[in-house]
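This report refers to the structure that appears directly beneath it.
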Amino acid sequence: MSTGLLWARIPMPGPLEHVNVYMFYEGDSWTVVDTGIDTSRTRAVWGDLMAGPMGGKPVSRVIATHHHLDHIGLAGWFMAQHGATLVTTRTAYLMARMLKLDVQDAPTPQMLRFWRSSGMDAAIYAERETSRPFNTADAVADIPLGFTRIREGDEIEIGGRLWDVRCGNGHAPEHATFWSRDGEMVIGGDQLLASISPNIGVHTTEPDADPLGEWLESCERFKPFATDDQLILTGHKRIFTGLPTRLRQLTDNHHAALTRLLGFLEQPRTACDCFSVLFKREIKSGEYGLAMVEAMAHCNHLFAQGLVSRTMRGDGAYIWQKREMA
Ligand SMILES: [Zn+2]
Ligand SMILES: [Zn+2]
């Protein structure tokens with residue numbers, strides 16, 4: 001407890017395997033940043049953390065960087081069971097609460113229409129059509145009414161340091177990041193990751209969104225504040241230094257993918273036809289959903305920029321094609 005900062009990895013299923021969480025000591029209690037999903041196992045892990053490294057002191061505050069279940073899944077549990085307050089952005093709070101209340105036992109017509117629009121593989125579509133869809137609510141604790149809002153430009157004290165709140169978009173709307181005034185640390189959540197690129201996806205909620213455009217805008221906006229020395233506390237995998245280089249890599253990778261995609265769309269294709277040119281590797285069945293939403297994001301971005309046309313095929317799939325420029 002000497003540094004007042006603890007880092008733990010909360011297990012989760014799937015290829016990511018864990019989510020990083022951080023605990024800042026506040027003198028008589030803890031601020032927890034991100035929580036993991038809600039399962040009996042993760043509750044037990046937190047029980048061990050609180051009884052052990054956290055010295056039995058209470059959790060007075062939970063900060064959620066964004067609304068995804070691996071980050072906000074146990075926020076409501078900390079509120080209800082431990083009396084913590086929840087601090088997050090308004091969009092993250094509203095999204096998390098909406099998804100907690102939105103339980104679907106079968107795909108909705110809107111989901112089916114969206115999946116068809118991506119040009120989803122027929123066998124995968126047929127299987128999904130008759131299956132219970134992924135429900136965020138399954139792995140998120142009830143979120144009680146009431147939270148404390150943070151927004152772009154706010155300053156907030158965490159663990160005895162003053163931090164600037166900067167909000168990113170693209171991976172999740174109004175994703176909070178925290179930049180310590182002493183220049184030593186940035187809490188990056190999933191906005192700033194080292195070895196994997198954050199998923200940028202279009203979803204049924206907002207099928208015409210341009211999250212990639214918003215992502216690129218966020219990266220450019222962060223660049224002036226990034227230094228080589230800041231330690232980046234990430235949402236997954238390793239923590240890192242060298243943020244200026246990493247921000248450049250993240251934007252360069254997407255620009256390169258967009259250039260490849262535009263060339264590929266000389267011929268008309270669906271979003272799901274474009275996996276090979278976007279990801280340059282075979283997409284396994286467990287990754288299909290993530291690849292599909294990311295391919296849609298790249299197509300929507302080219303469309304928003306007026307570089308490709310979009311027409312709907314008879315089966316409901318959007319066909320994208322590079323526009324001939326005069
Ligand atoms: Zn996320
Ligand atoms: Zn995450």
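Just to be sure before I move on: is ASP105 away from ligand 1 (no atom under 16 Å from the Cβ), in a loop (DSSP other than H, G, I, E, B) and within 30 Å of ALA317 (Cα to Cα) in the structure I sent? Outline the logic, then answer.
Working: away from ligand 1 (no atom under 16 Å from the Cβ): yes; in a loop (DSSP other than H, G, I, E, B): yes; within 30 Å of ALA317 (Cα to Cα): yes.
It is true that ASP105 is away from ligand 1 (no atom under 16 Å from the Cβ), in a loop (DSSP other than H, G, I, E, B) and within 30 Å of ALA317 (Cα to Cα).
Looking only at region 93-132, residues that are open to solvent by 90 Å² or more (accessible area, probe 1.4 Å) and hydroxyl-bearing (Ser, Thr, Tyr) come to 1 in all.
Of everything listed in (1) among the β-branched types (Val, Ile, Thr); (2) in contact (Cβ under 8 Å) with a residue 12 or more places away in the chain; (3) more than 27 Å from ASP164 (Cα to Cα), the single unmet condition for ILE239 is (3). Looking only at region 209-242, residues that are within 16 Å of ligand 1 (Cβ to nearest atom), of a type in the set (A, V, I, L, M) and assigned to a helix (DSSP H, G or I) come to 1 in all. Has region 121-128 got any residue that is touching a Phe, Trp or Tyr at 6+ places or on another chain (Cβ under 7 Å) and among the basic types (Lys, Arg)? There is at least one residue in region 121-128 that is touching a Phe, Trp or Tyr at 6+ places or on another chain (Cβ under 7 Å) and among the basic types (Lys, Arg). Here ILE200, ILE187, ILE158 are screened, and the one residue that is under 21 Å from LEU99 (Cα atoms) and open to solvent by less than 60 Å² (accessible area, probe 1.4 Å) is ILE200.
Annotation: ASP210 fulfils all but one of (1) touching a residue at least 60 places away in the same chain (Cβ under 8 Å); (2) closer than 18 Å to ALA92 by Cβ; the unmet one is (2). Taking region 146-163 as the range and being within 20 Å of the chain's Cα centre (by Cα) and outside any loop (DSSP other than H, G, I, E, B) as the test, only ARG149 passes.
Taking the criterion of being farther than 21 Å from ALA176 by Cβ and within 16 Å of ligand 2 (Cβ to nearest atom), the residues of region 4-38 that qualify are PRO11, PRO13, GLY14, PRO15, GLU17.
Listed conditions (1) open to solvent by less than 20 Å² (accessible area, probe 1.4 Å); (2) in contact with an Asp or Glu (Cβ under 6 Å, 6 or more places away or on another chain) are all met by LYS322, apart from (1).
Between ARG260, ARG281, ARG181, which is open to solvent by 10 Å² or more (accessible area, probe 1.4 Å), farther than 21 Å from ASN169 by Cβ and in contact with a helix residue (DSSP H, G or I) (Cβ under 6 Å, 6 or more places away or on another chain)?
Details: ARG281 fails: in contact with a helix residue (DSSP H, G or I) (Cβ under 6 Å, 6 or more places away or on another chain); ARG181 fails: in contact with a helix residue (DSSP H, G or I) (Cβ under 6 Å, 6 or more places away or on another chain).
Of ARG260, ARG281, ARG181, the one residue that is open to solvent by 10 Å² or more (accessible area, probe 1.4 Å), farther than 21 Å from ASN169 by Cβ and in contact with a helix residue (DSSP H, G or I) (Cβ under 6 Å, 6 or more places away or on another chain) is ARG260.
Look at region 296-316: where a residue is assigned to a loop (DSSP other than H, G, I, E, B) and a partner is polar (S, T, N, Q), sitting 6+ places away or on another chain with Cβ atoms under 8 Å, you get ARG313/THR270; GLY316/SER117.
The values are calculated or read from the model by the stated rules, or taken from the named source; none is laboratory data. Owing to the predicted nature of the structure, the values given are computational and were not obtained by experimental measurement. Positions of Cβ are generated from backbone atoms using ideal geometry, with glycine treated the same way; all protein chains shown enter the neighbour counts. The area values use the complete protein model at the heavy-atom level, side chains included, leaving out ligands, DNA and RNA. Shrake-Rupley method; radii C 1.70, N 1.55, O 1.52, S 1.80 Å.
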